[in-house]
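Colleague: Before I ask anything, let me first share the structure, which is written out below as structure tokens.
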Amino acid sequence: MAEGDPEPAVPPEVVNRWKHSFEEDEDGVEVYRPADQELPLARGRQVIEIHADGSVVRHDVGATDIPQTVEGRCVVDEDDIHIMSGADDAPDRDVVFYDENTLKLKRSSPKSTRSG
């Protein structure tokens, strides 16, 4: 992307409030469904809100069942979509599939650092 070009927009299918459907997780891929979709009863489901402006709010279930909120952002980089949460500004999860009813995320691999 050239300097001054606008950042690519978050695809409209990704913009939603998503609830973790951990029963469907497979091979390290986390499956999320629209939050208004009925899922089996479970104790604490993570929710991720992805907004059109790229802001992200992740609602985690803490160790003592106390909800924790983490703010971040959704970054579209050419064909890849990354969710960055927390203070380190590094990708936390990568979007590996999306449509209007499903969001699949995979935890990002830590970037290797190279020394001089």
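Colleague: At 0.36 nm per residue, and after removing the present C-alpha to C-alpha distance, how many nm does the segment from GLU38 to GLU23 gain when stretched out fully?
Modeller: 4.1 nm
Colleague: When a/c is below 1.5 the answer is rounded, else prolate if a/b is larger than b/c, else oblate, so apply that to region 16-107 with a ≥ b ≥ c taken from the square roots of the Cα gyration tensor eigenvalues. Don't skip to the end; give the middle numbers.
Modeller: On the way: a/c = 1.62, a/b = 1.21, b/c = 1.34.
It comes out oblate by the Cα gyration axes.
Every number here is computed from the coordinates shown, using simple stated rules; none is lab data. Just so it is clear, the model here is predicted, and its values are computed rather than measured.
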